[in-house]
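Heads up: the structure comes next, in structure tokens.
All of the numbers you see were taken from the coordinates with simple rules; none came from a lab. Since the model is a prediction, treat every value here as computed from it, not as a measurement. All Cβ positions, even for glycine, are placed from backbone atoms using ideal geometry, and neighbour counts span all protein chains on display.
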Amino acid sequence: MSWAYRTFLRPLLFAQDSEAIHHQTLQILGWASRRPIICDLLEEFLGAQELPVNLFGLRFPNPVGLAAGMDKYAEAVPAWNSLGFGFTELGGVTWHPQEGNSPPRLFRAVSEQALINRMGFNNFGAQAMAERLAVWRAHGRWPKHPVGINLGKSKITPLDNAAEDYAASFRILWPHADFFVVNVSSPNTPNLRQLQDRAALDEILAAMQEVNREWSVVSRQSSVAGTEDNGQRTTDRKPILVKVAPDLSFDAFDEILELVRPRQIAGIIATNTTITRPDTSDEVARRIYAEPGGLSGHPLRARSTEIVRHLYRQTKGVLPIIGVGGIFNADDAWEKITAGASLVQLYTGLVYEGPGLAKAIVEGLRRHLIESGLKHLSEAVGIAA
Ligand SMILES: Cc1cc2nc3c(=O)[nH]c(=O)nc-3n(C[C@H](O)[C@H](O)[C@H](O)COP(=O)(O)O)c2cc1C
């Protein structure tokens, strides 16, 4: 599948503007998502085998997830399951609807297998996202895997009011997803990354855990408490994860880790895109690299793995880590898992390798397990940390 995509389809897609193709693809997947028979067909060809992971009280049918940014508007919620993903992270979404930066804002560095983006959290706002998710559920189109939502700060909200901004989005979206991600690591909202500072992050997490407390009381009292149609839990507190930038120092990561216990951080997602640029001899790539924004894909792989490994060592393996950055095949995913990731995610790999990628990675991970003489994926987590 990957070969056919790379040889025939990708050249046609890459001849056009990146963002235009992204929108067209999401529209097609949205169309497919509203037609169960098409989703069943997709799943027949592209669905992945089981390789279950139990984490945060949730059951992931396999450890390969869709990273934030691909389905910002929750356009194709059921389709990702059919394309073999073991979980989906929707968004980033902000409290206020916003257009994001002006185009062009998404660029391919093809020779480097990389993307640069400065989207700037273009989204319809948390309220619209909640309504859209309610519609998928009402139509019986909720996927059979965990769904998370990536929360960002609205551009118009001053940094000092960030905690309220995140908490407002969380409050309205709480019933609609299985886990939430505090994104304080996007390079495309001015000064957002300052919120990775211990005190600022502490304030955001405190406000969100307060919302979690309020909602868990409501949901325990309400008769709808119990499990959702996808078998995931709805009561108790929702797991809150923090997504970090690859450009922080190890000391800065350690400061974030100090908040894990007091603020009940369920896990860390490592990493977002980087503002650094590697050396390249390719003239076209050098021109693309001059664009401001976050770099993702192959050049990010080693750094994000290094961070996964650091976080795993520092927490002695007790804190769940989701590894993301430059995963293009099963070996890349295995590298993240053995460095300490319990789950992985990808975005850029899907653009370069096509829709068979999640299935291929799950197959490859199953092979890795057999070759290593391991029975369960959890036994592989951190063995090379
Ligand atoms: C176009 C684009 C938009 C993105 N939007 C978000 C976002 O809204 N929130 C977020 O946390 N990460 C976002 N990301 C980062 C990805 O989720 C991921 O962390 C990063 O791309 C590294 O993974 P990859 O190398 O597999 O792409 C975005 C990435 C791209 C390429």
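Modelled label positions at residue 135 and residue 251, each set 7 Å beyond Cα in the direction of Cβ, lie 5.0 nm from each other.
Normalised by the residues of the chain, what does the relative contact order come to in percent, with Cα pairs under 8 Å and at least six apart? Contact order relative to length: 18 percent.
Taking the Cα centre of region 133-277 as reference, the dipole from Cβ charges on Lys and Arg (+1) and Asp and Glu (-1) amounts to some 580 debye.
Taken over region 1-153, the alpha-carbon convex hull comes to 132 cubic angstrom per residue. Dipole of the chain computed with +1 at Lys/Arg Cβ and -1 at Asp/Glu Cβ about the Cα centre; of 376, 74, 24, farthest Cα towards the positive end is 376.
Residues of region 43-62 with the amide nitrogen closer than 15 Å to a label point 7 Å from the Cα of residue 375, along Cα-to-Cβ, please. The answer is 52, whose backbone nitrogens lie closer than 15 Å to the label point. With Cα atoms defining each centre, region 1-63 and region 326-384 are spaced 17 Å apart in the structure.
Spin-label model, residue 258 to residue 160: label points 7 Å out along the Cα-to-beta-carbon direction sit 2.4 nm apart. The per residue volume of the convex hull around the alpha-carbon atoms of region 278-328 is 92 Å³.
Computed about the Cα centre, the dipole magnitude for the chain is approximately 420 debye when only Lys and Arg (+1) and Asp and Glu (-1) carry charge, each at its Cβ.
By how many nm would the segment from residue 281 to residue 40 lengthen if fully extended, with 0.36 nm per residue of separation less the alpha-carbon distance?
Values: separation 241, 0.36 × 241 = 86.76 nm, distance 4.47 nm.
Residue separation times 0.36 nm, minus the Cα-Cα distance, leaves 82.3 nm.
Candidates 145, 239, 186 compared by Cα position along the dipole of the chain: farthest toward the positive end lies 145, with charges placed on Cβ.
Using helices alone, I'd like the mean residue ellipticity at 222 nm for the chain: each DSSP H run of four-plus residues gives -39500 (n - 2.57), total over residue count, nearest 500.
Numbers: 13 runs with 148 residues, N = 385.
Taking each H run of at least 4 residues, the total per residue is -12000 deg cm²/dmol.
The 3J(HN,Hα) values that the Karplus relation (6.51, -1.76, 1.60; θ = phi - 60°) gives for region 268-277 are, in residue order, 10, 9, 10, 8, 7, 6, 10, 8, 7, 9 Hz. Gly and Pro appear as x. Screening the chain for whole DSSP H helices with an alpha carbon extent of at least 27 angstrom along the helix axis and a mean Kyte-Doolittle hydropathy of at least 0.5 yields nothing. Neighbour counting of Cβ atoms within 10 Å sorts the residues 170, 124, 45, fewest neighbours leading, into 45, 124, 170. Highest mean packing comes first when the peptides 238-250, 95-107, 157-169 are listed by Cβ atoms within 10 Å, giving 238-250, 157-169, 95-107.
Peptides 279-286, 47-54, 208-215 ranked from most to least packed give 208-215, 47-54, 279-286, packing being the mean of other C-beta atoms within 10 angstrom over each peptide's residues.
Using the Cα centre of region 1-135 as the reference point, and only Cβ charges (+1 on K/R, -1 on D/E), how large is the resulting charge dipole? Debye, rounded to the nearest 20. Write down the numbers at each step before the final one.
Working: 10 positive and 12 negative charges, 38 e Å.
My answer is approximately 180 debye.
Would you please give the FRET efficiency between residue 27 and residue 3, computed as 1/(1 + (r/R0)^6) with r the Cβ-Cβ distance and R0 = 22 Å, to the nearest 0.05?
On the way: r = 26 Å, r/R0 = 1.18.
That gives a FRET efficiency of 0.25.
How fast does the chain diffuse by Stokes-Einstein, in µm²/s, taking the Kirkwood radius from C-alpha pairs at 37 °C and 0.692 mPa s?
Numbers: Rh = 20.7 Å.
Answer, rounded: 158 µm²/s.
Over the C-alpha atoms of region 98-227, the Rg to Rh ratio, Rh being the Kirkwood estimate, stands at 1.02.
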